[in-house]
Amino acid sequence: MIKMSVIEPILTKYIGKKDYLSIKKVLNEMNPADVIQDVKKSNLRGRGGAGFPTGIKWSVMPVIPKEESKEKSNKEITPITLRYLVCNADEGEPGTFKDRFIIGKMPHLLIEGMLIAAYAIGARVGYIYIRGEFASEYRILKNAIEEAYQENYLGENVFSKFLNTNKNFSFDLHLYRGAGAYICGEETALLNSLEGKRGEPRIKPPYPAKFGAFGKSTCINNVETLATVPAIINIGAEKYAKYGTAKSGGTRLFSLSGHIQNPGVYEFPLSIKLKDLINHCGGVKDGKKLKAVIPGGGSAPILTAEEIDTLDLGVDYDSLAAAGTMAGSGGIILLDETTCIVEAASVLLKFYEHESCGQCSQCREGSHWLARLFHRIEKGEAEMKELDLIEHICSNMSMQTICAFADAVVGPARSSIKKFRSEFEEHIRIKCCPFKKQKEVSHVL
Amino acid sequence: MSSNNITIDGINTTFTPGETIMQISRRIGITKEVDHKIDPQISRFCFHPGLSIAGTCRMCTVEVENAPKLVTSCSTAAVDGMVVHTNSERVKKSRAGVMEFLLLNHPLDCPVCDQSGECSLQEYNFQYGPATSNFCDPKRVYENSTTKRLSKHITLNMNRCIHCERCVRFSSEITQTNDLLMLNRGWKKELTLTDDTLTLISDYQGCLADICPVGALTFNDFRFKKRVWFLSKQNSICDQCSKGCNIEVHYEDDVVYRYIPRYNKDVNNYWMCDSGRLSYHKRQAEDRIYTNSNSNSNSNSKSLSNAILNSNSLLIILATDTSNEEAKTLIDFKNTYSYRLGKTADCYYIGSEDSKLDHLLKMKDQTPNTRGLLNLNISQLYNSNSNSNSNSNSNYDLVILVKNLQTTIDQHLLSMLEYKFQCKELFAFGVFKSDELKLLQSYSFFKELIPGRTTLEKNGSYTNCDNITQTFKKIDALENDKIKAIPTIEEIFTRIFYQDN
């Protein structure tokens with residue numbers, strides 16, 4: 001499944017190694033502020049979807065008072081110092097499977113990344129919230145955590161054998177399995193679910209840094225973000241940052257799926273162009289013509305092939321945002337010329353209808369309405385005037401709700417009607433899906 | 001302290017840090033005082049002042065200058081220099097959007113809906129909503145919850161639900177019974193009982209119907225009884241227990257249809273128990289005595305004044321549901337009796353011990369004014385626990401008993417009057433039921449029953465268990481011909497003295 005990039009792999013060369021080089025380096029040579037500084041310098045941005053700079057996320061954690069941090073007594077965790085590091089492994093974005101790959105192939109890399117992050121923010125307890133459907137990955141990770149405890153890589157006074165200084169650092173890691181809701185990938189819904197409540201996003205503010213898991217300061221990072229940290233420490237922040245663009249540092253894992261010749265997880269520097277990335281992965285399947293690309297998981301607004309050509313788009317956060325879409329989770333879905341855009345959007349909207357948590361009025365009812373509407377258009381049962389309704393619904397949904405889910409629904413709906421309106425109109429005109437009709441004809445012949 | 005200024009709809013004001021936009025606008029009068037009811041300025045569904053903030057209905061959004069998104073006024077804390085518009089075009093458009101979404105799957109069965117006329121959905125759609133719908137798909141129907149009895153008090157119609165989850169928060173935060181929850185997610189989200197084999201278990205189920213902004217949860221006692229726009233409203237006090245919850249009495253003509261709790265932060269907050277809520281039935285019960293038991297004597301004070309003149313000693317027994325004013329009248333009467341006639345007269349109350357029954361409002365003492373009588377230095381006739389009275393073992397020829405709706409007389413008291421106090425004549429005043437009259441008539445010393453008025457039919461005050469004195473006023477419309485014929489206790493006992501002279 002793993003496809004190495006042609007450029008020097010950074011993250012993926014850690015596969016199978018359990019030597020935990022970076023955390024030893026961190027514990028021996030660096031203090032927490034240095035680690036945060038390094039991560040800031042690396043321009044590492046959250047790999048989960050929003051692309052928030054990781055260094056800044058870590059630095060906004062409330063400062064532990066001096067006397068508290070001096071004592072560092074491991075057993076007595078005072079309320080002020082009690083804080084959590086949570087790893088978001090609820091990878092549910094359509095077209096994304098990079099976190100699953102990391103956990104399945106390199107679980108120790110994630111544990112090492114969490115150790116470094118915990119050291120940086122001063123957390124002594126960590127949680128990994130893993131998606132319920134990841135059954136084998138759950139077992140792998142559980143094993144890895146047990147191994148780490150046996151080697152004293154987790155628990156009380158970790159790595160005490162390897163440390164030159166008399167620094168104490170303890171870190172307990174718990175693995176928590178979700179129950180299969182997409183919305184629990186949203187960080188505050190994840191926290192609610194972790195606490196045993198309904199997985200529904202919380203109102204922000206207060207942000208998790210102030211009021212997170214169990215009411216304590218909490219830092220939530222994506223699996224890939226955390227797994228990247230050891231590499232940054234190992235090769236140096238400046239060198240890592242150079243692989244990316246000015247604002248998005250380093251390399252990133254991309255999940256390629258859809259009509260791509262060689263689907264899989266690839267590591268590419270963020271400075272690469274989208275067109276080159278597709279070519280590296282073998283181009284469009286069977287040499288067909290590219291029609292559209294969903295560049296950042298199902299929530300990202302769709303890009304046409306022409307846009308990719310004419311704009312010469314990069315894959316970093318900023319250039320995709322400038323093109324009206326988003327880098328999201330790095331799940332790139334290719335759609336070739338035989339794909340019906342209406343059907344593709346309809347399938348996505350069906351997913352979102354099913355996954356809306358149902359808290360906010362607009363999202364609960366709107367996602368359902370859009371899914372119904374797209375389904376009817378695909379079947380050829382809609383009327384022409386209903387096409388304008390899509391924009392009406394989308395404008396009432398976007399930027400109105402507690403979390404970004406409603407905007408994720410709006411992403412594919414709005415962009416598909418905007419960029420492929422003629423295809424929608426054709427569905428209504430001929431009262432069926434033109435692509436299915438072609439298929440049927442060729443089948444008969 | 002100088003830099004805490006906010007401008008809401010052009011009104012500049014200061015705020016204390018932590019106050020939300022909705023709280024401030026309520027304070028300065030942009031939104032209505034009674035905030036769990038329908039408010040035209042900052043509309044809301046999921047927000048209820050007695051519950052935690054959910055921020056999910058998105059109906060209370062307001063525009064804050066320089067903020068990219070509209071913000072929910074219920075959850076957004078004020079920041080210095082904020083300029084807020086509660087009714088701008090952008091806000092109206094957003095609210096119209098919410099209304100359209102909420103009405104997509106709402107059955108719009110207003111003609112047969114009990115909430116009709118006091119429904120937030122109706123009001124806000126009238127104000128903001130689109131007149132037509134663009135929705136052409138079949139509406140969502142919850143097959144199993146279209147008319148589902150959640151308990152003997154509450155009926156759920158899930159099709160009308162707008163998923164504000166006030167009821168779920170109420171059952172977890174206020175009653176702490178956790179007997180309601182939301183099942184499933186998204187547009188299939190459905191309100192169910194936590195244990196489907198049971199019913200609702202809280203004693204405050206009526207509040208669920210109160211806080212439900214639509215007709216999803218309705219109170220069976222009121223269901224299909226009356227269209228709400230025919231009801232008149234007047235404030236009063238619940239006399240079902242020593243708590244004295246503040247209520248609004250809803251009535252048409254001389255019939256009361258329901259009690260609704262009224263906000264009082266010192267007494268009952270926004271809530272009220274079910275037994276209090278249903279206590280209005282007692283007032284208009286079939287077996288209530290409206291006429292004097294001695295039918296041939298139409299001037300009832302005549303035989304009483306004769307009895308007074310002929311008696312040697314007087315005992316006044318007050319039940320703990322007599323109002324402060326009635327009790328004062330009788331104490332004055334007692335004093336005048338002993339002063340003018342030079343005879344012994346005593347006044348005692350009969351009542352029970354009081355204690356809290358739950359963490360909310362329910363009290364063990366099922367009468368409204370024990371505390372008030374204690375404040376008038378009236379002591380208890382006998383302690384129900386020790387069964388012996390502390391007072392002197394004297395005999396009384398004449399006994400005047402005053403009780404109202406909440407107490408019942410029992411055999412124990414009457415045999416005590418007969419054997420211990422050697423009572424020769426008993427006059428009973430107040431609200432009695434027919435079986436109580438039968439019991440009285442089985443005693444030879446019983447002379448006469450003079451009917452009285454209930455809380456809703458007189459002016460007065462009760463002092464509740466926390467020593468808060470609350471006044472109530474007569475509801476004029478309830479004074480039908482039967483009630484009009486009944487004089488108040490004050491009238492009777494003041495009249496006797498003037499006749500004496």
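Overview of results
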{"quantity": "With every protein chain in place, the stretch B:192-345: carbon and sulfur % of accessible area (1.4 Å)", "calculated": "47 percent"}
{"quantity": "Cβ-based net charge around B:THR192, under 15 Å, with every Lys or Arg adding one and every Asp or Glu removing one", "calculated": "0"}
{"quantity": "Whole-angstrom gap from the stretch A:127-204 to the stretch A:265-304, using each part's C-alpha centre", "calculated": "32 Å"}
{"quantity": "Proximal charge balance of A:VAL223 [Cβ under 9 Å; K/R count +1, D/E count -1]", "calculated": "0"}
{"quantity": "Largest to smallest principal axis extent of the C-alpha atoms in chain B, angstrom", "calculated": "86, 58, 42"}
{"quantity": "Test item: Cα-centred dipole of chain B, Lys/Arg +1 and Asp/Glu -1 on Cβ, debye", "calculated": "480 debye"}
{"quantity": "Percent carbon-and-sulfur accessible area, the stretch B:5-87, ignoring ligands, DNA and RNA, probe 1.4 Å", "calculated": "53 percent"}
{"quantity": "Kirkwood-type radius of the stretch B:5-87, with distances r between different C-alpha atoms, in Å", "calculated": "12.6 Å"}
{"quantity": "The protein assembly as shown: proportion of alpha-carbon pairs further apart than 47 angstrom, %", "calculated": "44 percent"}
{"quantity": "Relative contact order computed over the stretch B:138-261 (Cα-Cα under 8 Å; 6+ residues apart), in percent", "calculated": "19 percent"}
{"quantity": "Tilt relative to chain A, helix A:405-419 - C-alpha long axis, 0 to 90 degrees, to 10", "calculated": "40 degrees"}
{"quantity": "Cα coordinate range in the stretch B:145-244, projected on the principal axes (Å, largest first)", "calculated": "42, 31, 22"}
{"quantity": "Charge dipole of the protein assembly as shown about the Cα centre (unit charges at C-beta), most positive-ward option of A:GLY250, A:CYS403, A:PHE211", "calculated": "A:GLY250"}
{"quantity": "Sulfur and carbon atoms: percent of accessible area, chain A [1.4 Å]", "calculated": "54 percent"}
{"quantity": "The stretch B:302-498 - Rg and Dmax from Cα coordinates, angstrom", "calculated": "16.4, 52"}
{"quantity": "Gyration tensor (alpha-carbon) shape descriptor, the stretch A:160-283, a/c threshold 1.5", "calculated": "oblate"}
{"quantity": "Chain A, Cα convex hull volume normalised per residue, Å³", "calculated": "137 Å³"}
{"quantity": "Which listed pairs, of B:LYS334/B:LYS364; B:LYS433/B:LYS482; A:LYS419/B:LYS139; B:LYS92/B:LYS139, have C-alpha distances above 23 Å, in listed order", "calculated": "B:LYS334/B:LYS364; A:LYS419/B:LYS139; B:LYS92/B:LYS139"}
{"quantity": "Exposure of A:PHE52 as accessible area (Å², to 10), given a probe of 1.4 Å and all protein chains", "calculated": "110 Å²"}
{"quantity": "Positive minus negative residues near B:ASP476 (Lys, Arg vs Asp, Glu; Cβ under 12 Å)", "calculated": "0"}
{"quantity": "Entries in A:LYS40/A:LYS247; B:LYS233/B:LYS458; B:LYS328/B:LYS458; B:LYS362/B:LYS473 that, when Cα-Cα distance is taken, lie over 18 Å", "calculated": "B:LYS362/B:LYS473"}
{"quantity": "Euclidean distance between Cα centres, the stretch A:387-405 to the stretch B:98-125, Å", "calculated": "22 Å"}
{"quantity": "MRE, 222 nm, helices only [DSSP H, n ≥ 4, -39500 (n - 2.57), over chain B, to nearest 500]", "calculated": "-6000 deg cm²/dmol"}
{"quantity": "Chain A: angle of helix A:421-430 to the longest principal axis, Cα-based, in degrees nearest 10", "calculated": "40 degrees"}
{"quantity": "For chain A, calculated [θ]222 nm from helices alone, where every DSSP H run of n ≥ 4 adds -39500 (n - 2.57)", "calculated": "-13500 deg cm²/dmol"}
{"quantity": "Unsatisfied cross-links (Cα-Cα over 32 Å) in the set A:LYS98/A:LYS289; A:LYS216/B:LYS148; A:LYS285/B:LYS188", "calculated": "A:LYS216/B:LYS148; A:LYS285/B:LYS188"}
{"quantity": "A:MET30 - accessible surface, heavy atoms, 1.4 Å probe, Å² rounded to 10", "calculated": "20 Å²"}
{"quantity": "Between A and B, accessible area buried - total, square angstrom, nearest 100, 1.4 angstrom probe", "calculated": "3000 Å²"}
{"quantity": "Per residue accessible area of the protein assembly as shown, 1.4 Å probe, in Å²", "calculated": "41 Å²"}
{"quantity": "Residues in the stretch B:166-190 occluded by at least 40 Å² - accessible area, probe radius 1.4 Å, against chain by itself", "calculated": "B:ARG185, B:GLY186, B:TRP187, B:LYS189"}
{"quantity": "Given charges at beta-carbon only (K, R positive; D, E negative), |dipole| of the stretch B:5-87 in Debye", "calculated": "260 debye"}
{"quantity": "Interface residues in the stretch B:122-147 - accessible area drops by 10 Å² or more relative to the isolated chain, probe 1.4 Å", "calculated": "B:ASN134, B:PHE135, B:CYS136, B:ASP137, B:PRO138, B:ARG140"}
{"quantity": "The stretch B:302-498, relative contact order in percent, only Cα pairs under 8 angstrom and at least six apart counted", "calculated": "23 percent"}
{"quantity": "HN-Hα J in Hz across the stretch A:252-263 - Karplus 6.51, -1.76, 1.60, θ = phi - 60°, x for Gly and Pro", "calculated": "8, 8, 10, 9, 9, 8, x, 8, 10, 4, 10, x"}
{"quantity": "Between helix A:135-150 and chain A: long-axis angle, C-alpha atoms, 0 to 90°, nearest 10", "calculated": "10 degrees"}
{"quantity": "Candidates A:ASP312, A:ASP172, A:ASP90: whichever shows maximal mean-square fluctuation once chain A is modelled as a Gaussian network with Cα springs under 10 Å", "calculated": "A:ASP312"}
{"quantity": "Relative contact order %, chain B, counting alpha carbon pairs below 8 Å whose residues are six or more apart", "calculated": "11 percent"}
{"quantity": "Most mobile of A:SER367, A:SER42, A:SER271 in a GNM of chain A (Cα contacts under 10 Å)", "calculated": "A:SER271"}
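The values are calculated or read from the model by the stated rules, or taken from the named source; none is laboratory data. Fair warning: this is a prediction, and the values are worked out from it, not measured in the lab. Ideal geometry is used to build each Cβ from the backbone, glycine not excepted, and the neighbour counts take in all protein chains shown. Surface accessibility is based on the protein's heavy atoms, side chains included, excluding ligands, DNA and RNA. Shrake-Rupley method; radii C 1.70, N 1.55, O 1.52, S 1.80 Å.
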